[in-house]
Amino acid sequence: MKKFLGIMLVLAFTIALIACGGGGGQTGSGAVDSGSRGSGEVYAVIGGVFQLEFFDALKSGVYNAAEQIGATWYYAGPQDFVPDQIVQAIDQAVANRVTGIVLHGQTPETADAVNNAIAAGIPVIIVNTDIPSKRLSFLGCNPYQAGYDMGAQMGDLIRGKTGTVIITSAFSVAQPSALENARGSKDALSQHPGVRVVEIDGMPDANGTATSIGAALQAYTDIIGIIGQQAFSAVGICTALREAGLTGTIPVIGRDRDVATLELIEKGELVSAYAQNSFVEGYIATIWLHDYINGNLKVINDYLSTGTNPLPTAVDSGSIVIDKGNYKQFLEPYNYQVTARN
């Protein structure tokens, strides 16, 4: 309930800023006249593996915000998880003199590039997973809490049983959010005596997860539950269980809301999926960047020239639990259109 109220307050704050965003207040150095709304503004959304359906919600949120304020946007980054190429995409956005950057936080190796962008006068808001840096703000779910909630639900499903619970995620790339997700789940499951937790790497995709889980099913004969903490995890886990003839015998909890994951919930192969509020993160980040550079956030009259940051340091956007009771509400795909060139 606290998370829900928090995000609703953020939305109310954002809507209020939109409503008064056309005011004639004085802007700081280099800012766009707020009377022009977002005309001429270009926002860059940067991260890796953006071809995955998981990122459609983030793209749609940025697109809707850009359309609302009259700005344009694009997304950029490698199709594989290559930190150096994410850094290059940030540097290119700075060279392009974009209005602001929404960075999908994936690796701490991008911290210096974020700091360089800030130093060059390009504001950056990070979403999904925070990266320690000079970014203006962070919008994303608390990965530890999301993992804890997944572990707690699994604990309820296996209550009274003893055996092994598998957690599969992006362990091989040491993704910070993946490590925190897993830590949260392990802490929740530690309250159940007789339950052993084993971490299995599931990279780089659903096929990799299926292979890893298939091997785990042979290595551990006492598996009583499986938690998948990447967007592609559930598909890989359920594929492995299907191939082993174990569908329906081991409860599975997954992540996010792509069509394939929703279909698994519909079929009863997946108990639930914890979806991040990526649309809200992208939408709010874009609106906040717009209001920031236009001098609309009047904590003080001219925060831009004084270097005062008026934005919240971090906002927990929480997770949405999708299960058999509500999955149909999430079947409609997110729509977006790129409106600027990289």
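The values are calculated or read from the model by the stated rules, or taken from the named source; none is laboratory data. Predicted, not measured: the structure shown is a model, and the values here were computed from it. Don't worry about glycine lacking a Cβ; one is built from the backbone with ideal geometry, like all the others, and counts go over all protein chains shown.
State which residue is farthest from Val252 (Cα to Cα) when the search covers only the stretch 310-319 and only residues that are modelled with pLDDT of 95 or more and touching a helix residue (DSSP H, G or I) at 6+ places or on another chain (Cβ under 8 Å).
Pro310
Among (1) of a type in the set (Val, Ile, Thr); (2) in contact with a helix residue (DSSP H, G or I) (Cβ under 7 Å, 6 or more places away or on another chain); (3) part of a loop (DSSP other than H, G, I, E, B), where does Val338 come up short?
Condition not satisfied by Val338: (2).
What are the residues in the stretch 218-262 that are of a type in the set (Ser, Thr, Tyr) and not in a loop (DSSP other than H, G, I, E, B), if any?
The answer is Ser233, Thr239, Thr261.
Report yes if some residue within the stretch 77-98 is surrounded by 17 or more Cβ atoms within 10 Å (Cβ to Cβ), in contact (Cβ under 8 Å) with a residue 24 or more places away in the chain and part of a strand (DSSP E or B); otherwise report no.
no
If you check Ala216, Ala240, which single one turns out to be touching a residue at least 12 places away in the same chain (Cβ under 8 Å), of a type in the set (Gly, Ala, Ser), over 29 Å from Phe279 (Cβ atoms) and out of contact with any strand residue (DSSP E or B) (no Cβ under 6 Å at 6 or more places or on another chain)?
Ala240
Please enumerate the residues belonging to the stretch 272-312 that are more than 26 Å from Ile46 (Cβ to Cβ) and surrounded by fewer than 21 Cβ atoms within 10 Å (Cβ to Cβ).
Lys298, Val299, Ile300, Asn301, Asp302, Ser305, Thr306
Take Asp291 and tell me if it is over 18 Å from the mean Cα position of the chain (by Cα), assigned by TED's automatic domain parsing to the domain that holds Val127 and at pLDDT 95 or above.
yes
Which residues, counting only those in the stretch 197-207, are of a type outside the set (Val, Ile, Thr) and surrounded by 15 or more Cβ atoms within 10 Å (Cβ to Cβ)?
Glu199, Asp201, Gly202, Met203, Pro204, Asp205, Ala206
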